[in-house]
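FYI, it's all coordinate maths here, none of it is from the lab. Every value quoted in this text rests on a predicted model; they were computed, and no experiment measured them. Glycine gets a Cβ as well: all are built from the backbone with ideal geometry, and neighbour counts include every protein chain shown.
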Amino acid sequence: EISNINKMDQKKRVNIAKIDKIFKQLEMVPLFGDMQIAPFNYIKRSPHYDQSRWPLASSKIGRES
């Protein structure tokens, strides 16, 4: 079964608003060695991405990802 983060948010298992704030603060996270990933780019490519639930993912304040 594929996990749907929106359903998990509705059931109060995760809080998308808090994750959104954390991802905005981090912008880039270490992946492996010298490789990095932008969390918002990963979220935007997920099958259940809903822009209305991730307001900071589309904001252009600071460095664009």
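Please give the direction-averaged projected area of the C-alpha convex hull for the chain, in square nanometres with one decimal. Computing the convex hull of the Cα atoms and averaging its projections yields 5.2 nm². Taking each DSSP H run with n ≥ 4 as -39500 (n - 2.57) and averaging over every residue of the chain yields -9500 deg cm²/dmol at 222 nm.
List 56, 31 from most exposed to least, where exposure is judged by having the fewest other Cβ atoms within 10 Å.
Working: 56 15, 31 9.
Arranged by neighbour count, lowest to highest, 56, 31 become 31, 56.
Note down the net charge around residue 9, summing +1 for each Lys or Arg and -1 for each Asp or Glu among other residues with Cβ under 12 Å from its Cβ. Here the count lands on +4. Sorting 20, 50, 34 from the fewest to the most surrounding beta carbons within 10 angstrom yields 34, 50, 20. Annotation: the residues 35, 28, sorted from fewest to most other C-beta atoms within 10 Å of their own C-beta, follow the order 35, 28.
Result for the chain in a Gaussian network model with C-alpha springs under 10 Å: among 21, 44, 11, the largest mean-square fluctuation is at 11. Each Lys or Arg adds one and each Asp or Glu takes one away; over the other residues whose Cβ falls under 11 Å from the Cβ of residue 54, this sums to +1.
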